[in-house]
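I have placed the structure first, in the form of structure tokens, so that the comments after it can refer back to it.
The values are calculated or read from the model by the stated rules, or taken from the named source; none is laboratory data. Small disclaimer: the values here were computed from a predicted structure and weren't measured. Glycine gets a Cβ as well: all are built from the backbone with ideal geometry, and neighbour counts include every protein chain shown. These area figures cover heavy atoms from the full protein model, side chains too; ligands, DNA and RNA do not enter into them. Shrake-Rupley method; radii C 1.70, N 1.55, O 1.52, S 1.80 Å.
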Amino acid sequence: MSSSSQDGFDDAENIVVPQGEAAAPSPSLDATLRPAAWDEYIGQESIKNNLHVLITAARERNTPPEHVLFYGPPGLGKTTLAHLIAHELDGNLRTTSGPAIERVGDLAALLTNLSPRDILFIDEIHRLPRTIEEVLYPAMESGVLNIIIGKGPSARTIELPLPPFTLIAATTRVADLSAPLRSRFSGGSFRLEFYSEDDIAAIVRRSAAILGVEIEEEAVREIARRARFTPRTANYLLKRARDFAQLKRSPITKRVAAEALGMLEVDELGLTPTDRRLLEVLIERFGGGPAGVGAVAAALAEEPNTLSDVHEPYLLQLGLIERTPRGRVATPKAYAHLGFDTPDDLQDKLIG
Ligand code: ADE
């Protein structure tokens, strides 16, 4: 599995490698469901308020807003926010990703081709090569590109002034960014939070209306309960339930939704087969933990990054695992969910 592999729920923009569970995503529909205006964007209220001030003040001064970083688990709307900011500024979002920028020339081409009001969006910025990062600092801070021409003793640096620009970057692994890079996001670093179940339900209702599919309120709730507090997952589950309902010549009822989700092996808590295997390995092979993410990943034949970026945040959010200084520990709730007896010494481990 490649390190770009995410949760099998990703859309094309985030470079998808489906994991053979919960099936493959459909690439283009997310663009239709993505909110095109601020008042359509549900949730993340604090971030929206902060961005509103940043953008409005910059517009009044007739300057591009300062650089912004979004971080947090996949599927929570980092790219959508970037699109909304570009839209608000009447510019275009020029999208690229960390691993796609291999040479200084790639970055120079991106920055020198921006039109006024355009925004450069770098997804997966944690995968930007270090050599590029060093060229990005002065570009972000002072609006200049330092390009080295030639090699050896005759090499010299030319300073290329850039038109003013805004960089929006996104990452699932903020801890992997160097401190100097993080500090250059002077417009703010915003952590996207999981959504409430009510907000996810509102997103499901909105998406169903856009898709023109009839859905019962109980089915909305069923999907919202199993959607990992994540809009992308909610939309994915809705689309699969729609397919299922279509073949049944039925609206999406609670029963149809439950059957469709059951077929995808998404359980009542929204856990996928990989989530459940992770808990099983932690409990059965590591005695409930503590276990390091590398050891668990090796036992599951998964990428450690996939576990820590995609699976663990949700398991932590549900209180099925805890992170202790010595590694991950399964909680009593995880034992109960998988039908295991809780061991007597579990409390010591959780403290420990
Ligand atoms: N679709 C995906 N994310 C959304 C959000 N935050 N609000 C409304 N619709 C969405």
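Quick look at the numbers
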{"item": "Count of lysine pairs in the chain with Cα separation under 26 Å (8 or more residues apart, or interchain)", "result": "6"}
{"item": "Point-charge dipole on Cβ atoms (K/R +1, D/E -1) for the chain, about Cα centre, debye to 20", "result": "540"}
{"item": "Probe 1.4 Å, accessible area per residue of the chain, Å²", "result": "45"}
{"item": "Protein accessible area in the chain, 1.4 Å probe - carbon and sulfur %", "result": "51"}
